[in-house]
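Data block below; observations after.
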Amino acid sequence: MMKKLLENLGLAGHYNKKLTLSTVLQIGRNSVSEVPVESLCDLPWLLMKRLMMLKRTARSVKCPSSNEADDSEWNDDQESDESDNLQSVNPLDILTALFLCSDSFLQQEMILKMSMCQFSVPLLLPNNDENQITLMLWAMRDVVKKYRPHSLEDQSAFVEERIALSELPLVSFVRLGRCNISKSEILNKLLSNPQQYTDTFVHFNMDCGNVQKKISNGLVEISWYLPCGNSNIDVFPEPVAIANLRGDIQDFKTQYSFLCKASTAVFVFFDHNSLDTENILVPSQTSALKLFYVGDSNNESIKSTVKKLNLNKSNFIFKAKQNDADFVSKIRAKLQEAVEKNNHKMSVVHLAEIAREFGILVDEDAEDCQSAKAFADEITSKIEDIVQFKKTELPLHGEILLSLAKLEKEQCRLKKAGDQSIEIYKSDLSMKMNELRKKQYTTGMSDTMSCFISAISRPDRSYFIKWLRILLESLSHKVLSRLRERYKQKCQDVVGNKEEIADLDKRISNSSLGVEHFIREISQLYEATVLLSEGSPYQKQLDNLPRVCAELLLDGVPLELVDGDASVVPVRWLTSVLSELNTLVMPHNKIVVVTVLGVQSSGKSTLLNTMFGVQFAVSSGRCTRGAFMQLIRVKDDFKAELNNCDYILIIDTEGLKSSELAQLDNSFEHDNELATLVVGLSDVAIVNIAMENSTEMKDILQIVVHAFLRMKEIGKKHKCLFVHQNVADVSAHDSNMRDRKLMLDHLNDMTQAAAKMENKLEFNKFTDLMEYDTDTGNHYVPGLWHGNPPMAPVNTGYSESVYALKKDIMEIFKRNNKPGNINEFLKWTKSLWNAVKFEKFIFSFRNSLVADAYMKLCIEYNKWEWALRKHVHTWALEAETKILNHGKFDFSEERTVEDVKCCLESEADAELTKGEKEIIDNITSYYEREEGNVELVERYRQDFINSAMSLKKELLNLIARKLDAALSRRNGMMKVEGIQKTYMDTMEKKVLDLLKHCRKTKSPMSDTELDKAFDKMWQETVMTLPIQHQQTQTIISRVLQQLRKNLNDRGSSVAQRLATVIDLNTYGHETFVVSKGNNLIAFFKSLVGQHGKIKRAQHMADNLINDCRQYTQKKRESRDDYDDTYIRELLNMIDDKLKAHEELKQNEEFEVSLKLHICGFASREFQEIHNQFILDNDPLKALEKHKETYHSEFIDLFHERDQCQKKADEFTKTCLKPAIEKYRSKVLGRKMADKMLRGENSQVFGTRIPFQNSVLKSLIEEFNFNRYVDFIESYEKFVKDFILGKVVKHFSEEDRMFKLEEELMDEVISEINQVIEDTENQDMKGFIQNICKNLNHRFDLPKDAVDRISSLNNVNTKNIAECLKYSVNEMVTSMKASFQGDVKVKLKVLQEEPQDVLFKRVQGCGKQCPFCKAPCEAGGEAHSKHFLSIHRPEGLGHYRDFDSEKLVTDICTSSVHSCQSFRCHKTQGKWHPYSNYSEIYPDWRIDPDESIEASAYWKCVMTEFNKEFAERYNAKPADIPSAWKSITKSQAEESLK
């Protein structure tokens, strides 16, 4: 019968493979929706779901198709065939089946929930299939009850104990035969007072209570009546246990015998036909037992039996014609009398001993359970004094940990640093922390901890953890209960002794002892190994502990996130545990986080327990502090709806203190820290507010608003739900509309106050921080109990409201939240904890999640930017070429070159507008995809949009300059070409005339005669040509004019200085020196700690001058004529450099002196360039160069030779080859850069931060002082050399340079060949000009050479294309042969070298930290704030101590968080607090160093080269903090990661 029932209920598979608690608690579709019952298989799961949610209707489950049983006079214990149908199951059968199919831990949870609902629970569980009975001792171990017996002298006292240990009188109710009275219903009335009826026992008149029981007969249930201490409410003045046997005692004699021996009294509900000798003699062996008989009515048969057996008539109770109330009162009186007269009491533990006598199994006797208990007993047996035990057996997390926590926070907050060096102070703190850690690991592991670790490493660890918790709570109960009562009394007295309250709080904390203290000790054992070398024996001993604790977390054991006693997060331990957890669950590691916050004793833990079934402690005292987390698995059928979430991580926090106690032990600060941490980690934060309009609301809201404000700053999206507890009115939501509006007003006021405190004035309303709706953001939850505890069941409204809240949370996860993973949660925990330690709550880019998100965005943006730059470079090259070729080969062109330029500028604007829009659209799309934690960098969205707009302006200006320069060059060349064309046309006509004359000669002419005739003609023609030389201009004057325009808006002093400048030729001859003449030295010397500025100004000027000389050299090599765009570009270079080093440009005199010097030598260079151009393009000299060609063609024409191949070779040699080489020079550098960005070096050049780290890594590998000096003082040159090295290395390997040049050549030649094929055969001139016309978008072809080739020819037009292809192929072979060679040499001939292109990409804005001079790493060009990840000791930026002249070791990331001050030229020599640095440098964001290791790199460098830097900077060596000296090169390199 049982097997069939289990199959019908869908539980057959769980009979051997038991259901587990974790399985039942999984979140599935059925967990948050009302799935209709369709078959019997649905009933157990519906009952279980309701039971876990503490619903009083849990046992009322049935199929909708169930036929209602006919009315019957038989009670619930009767067996009715009429009500036996396939679609109906008695609730007791379902419960029995569930208990038989559940493991011992799920049984515990079921009994705990049933007890809270005031349901009776199984005492003896029958298994009719195996003919076994089991006493459920273990299953009841978790039930703790509080009650107040009338016998207590202190009316305010109460009893709190585990019900399994409570010594109570046991009164049993059994049935003999078939009685007309419903025993279970009478029992319910017996235990209920008139105002509070509870269906403790399932009875006939409940849903399906009339259905025949199939497997639950023989079940003995137990319940307890526990008084509250109020005589007007209590049914019994003292506690009593009530047992109820299901079925007829004639069929279950073992159970009956057991109850008779264990009970104080037994009430037998009998059928008068069954009252015979055999059935009533069983209990007569038990003399102490009081036996009562309860019947429907008296008759002669009963009287005869009573007389026959000599039974006491007073022990008979008949209902007769009484109503139920009188009948119950009579039974109650008999029961009370029996209990008072008999002192026989039993605990469930004692019942287990009796059960064993009767051969009844005890669940606790399982081998795993007993072996685990032995371990737990071994530990607890040593405990005599809890405080002393913790000191001796758990020594690592006591005073040592408190000291470590204080030092860890002080290392960040630096409140006690005073005037001493920040880095030395931090070093001293670090040394103290190391000493404490050393003390920890030298203390070692106690025997108790060895035993604990052994126990949790065993398969039966779940039993051990539960046993240990039970035993520890029992041990600490006596102490804690007394202390808690005193604590509450003192807290109620607001004017009481605050010190006494604080002392009580400390004593409660010290007297608490739970499993969490042992795991906390493990965490400190593990944390202490940080100083040990990898692989040390002590460390190996602890290596497996993180995995064990990760497994415990999966088993449902809460993990401590925040140590409530020390208020510290054990980061190293937590990292290892969560990393192991991630490994265990991979790839199913996606999580969402729910957190609850509220004041103490507001029902937070109960709320979570009811909603998710998690096992957080629900004590109303403050013994458990900090924050704990627990995992709930999401079922596979529900993952898709929750965006593929695998687990819900629940965080429960300690209660926040009331405002009256805010001044005690920094509790307000502690609460702020805790709230910020858990709110920051949560996706949904539940703010639990006890009472509808409680006074503590404002205090907790203030804390929460601060937390949400800090989270808003980093873009982390949160949802907040306010839960108002103890609101019983059904109209609470509507009637509290005014209160909700008032609360929103409070929230708005607090947001403004918090924003002012956090200096974030842009936030005015609470809705600025998060999405919040007064209608949907509030949940009203009635009180937990329906009536007066301890006999009050859970309020149905409570469970329904909590269920509605749970569904709302799941809907939020469905709509808004993309789950993160465990590693991301860990990273957030670290970052938030760092922020909490610093008190600043600023999330710098040492926050790895934010850094990763920002890095990903930078990488994407850089790709978009590079794509646009590539496109614009190609477009600009073609546009420039179009201008340079204008009018050369297309004689139908009616537009002027100026018109062409205007059209191209309009086209450029359209192209860039399109490109700008694409980038902005990409940015928008990237954020909408919500990938890579992009919400964390929401605050930078506008920066990147601004950068896209700035990029458009930059590229538009670049194109404009290029087109201006091209126009100027074209206009200049058009004059030259005109003169040359005139000369060439004249010479061509003369040659043709000579040819005609020579052919008319009667006698044939020899070659000598032809030569003489040609020479004579040449000389005569040249003599007759008009002299049209280009006029040489005074470039130096034009440069001066441009300089005056550049400095036009600088003021009268600059104008006066320039008025004295007559000739730039007198400037720029000597080496430029920062001297007294420009008032810098006197100014610098007036400042403290600025000695290095003069040297840096000189160094900057030298580098700038060098760059300008290289620029003029490039222009000289191009052999183009000078244009004013040259000097304008040069002046722009100077302005950009001065802007980047603004702190060095102390006054206008410095700028003027530097520009005069550079313009002086540049003007002379430009004059020479102009003069050389005039010389190179002299028409007569150009004509003279072609004399031999004219002569050769004259001879060929005279002899009528075919010039096809010759002309093809000449065109290829003089036109195509130079054009290809020039084109290659223009594009090869950028193509090489593109290869670097897409190849093996893509990660290095992806964004600025990895590039910077790559440079630093290469430096530490060399570890050479001079190299570091070059890096610091000549950053741009050093970095360009570094990039050059990377480029040369890359392209020197695997013939990459040859392949790239070949690829470019093939691309160009393919286009040329295609043009040749597409050009129709015609005369030589037309053919060549059509080819040039079709290539004029790519190549700048020399018009004079083309014209020269097109004239004086005798060409077979049929062969011209083939000849030209042949020549091109020969040229390709020749050019490819030259590709082999030194890469470095090749780079020098490129117009745009790859290292310059790549440097511009990774250089960024070029700004340097005002204190340590490290370069800005912010993405985009238009970022609102400059920042960088790793700062340097300020001594490396030339800073020294005013008095000692020693280099300072302070790092700006520490300084800005200290109370110290600085002064510089911007403060006008006055001291200014570092903490307010943004007032002086508003464009900079210098985040506190959230990691002690973050600047380890530069600490190592300064330590190693301290003396060398001092000598270099003319200072004294710094006092190196002792902690720096222990930093190794490998640690320094590791800090870059």
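The values are calculated or read from the model by the stated rules, or taken from the named source; none is laboratory data. Since the structure is predicted, the reported quantities are computational estimates derived from the model, not experimental observations. No Cβ is skipped: glycine too gets one built from the backbone with ideal geometry, and neighbour counts run over all protein chains shown. Just so you know, the surface numbers come from the protein's heavy atoms only, side chains and all, with ligands and any DNA or RNA stripped out. Shrake-Rupley method; radii C 1.70, N 1.55, O 1.52, S 1.80 Å.
Sparse packing (at most 11 other Cβ atoms within 10 Å of the Cβ) combined with a DSSP loop state is found for the following GluC sites (Glu not before Pro) in region 337-400: Glu384. Considering only Cα-Cα distances, which of the following residue pairs are longer than 29 Å: Lys146/Lys321; Lys917/Lys1280; Lys17/Lys113? Listed pairs above 29 Å: Lys146/Lys321; Lys917/Lys1280.
With R₀ set to 41 Å, the beta-carbon distance separating Lys870 from Asn16 gives a calculated FRET efficiency near 0.05.
Surface composition of region 770-810: carbon plus sulfur atoms hold 48% of the accessible area, using a 1.4 angstrom probe and ignoring ligands, DNA and RNA. For region 300-446, the solvent-accessible area with a 1.4 angstrom probe is 54 square angstrom per residue.
Seen from a random direction on average, the alpha-carbon convex hull of region 162-267 projects onto 7.7 square nanometres.
In this structure, the pairs whose alpha-carbon distance is over 19 Å, taken from Lys1016/Lys1207; Lys1289/Lys1388; Lys415/Lys1529, are Lys1016/Lys1207; Lys415/Lys1529. Peptides 545-553, 1167-1175, 1258-1266, 582-590 ranked from most to least packed by the mean count of surrounding Cβ atoms within 10 Å: 545-553, 1167-1175, 582-590, 1258-1266. Expressed as a whole percent, the accessible surface of region 374-509 that belongs to carbon and sulfur atoms is 50, based on a 1.4 Å probe. The accessible-area ordering, largest first, of the residues Cys903, Cys101 stands as Cys903, Cys101, per a 1.4 angstrom probe. Packing here is the average count of other Cβ atoms within 10 Å per residue, and on that basis the peptides 1209-1216, 942-949, highest first, run 1209-1216, 942-949.
In terms of the mean number of neighbouring beta-carbon atoms within 10 Å, the peptides 312-325, 559-572, 1508-1521, 1437-1450 order highest first as 559-572, 1437-1450, 1508-1521, 312-325. Going down the list Lys409/Lys719; Lys1114/Lys1425; Lys1400/Lys1466; Lys1155/Lys1407; Lys1137/Lys1525, which pairs span over 32 Å between their C-alpha atoms? Going by Cα-Cα distance, Lys1114/Lys1425; Lys1137/Lys1525 fall outside the 32 Å limit. Split the accessible area of region 100-164 by element, probe 1.4 Å, and carbon with sulfur accounts for 44%.
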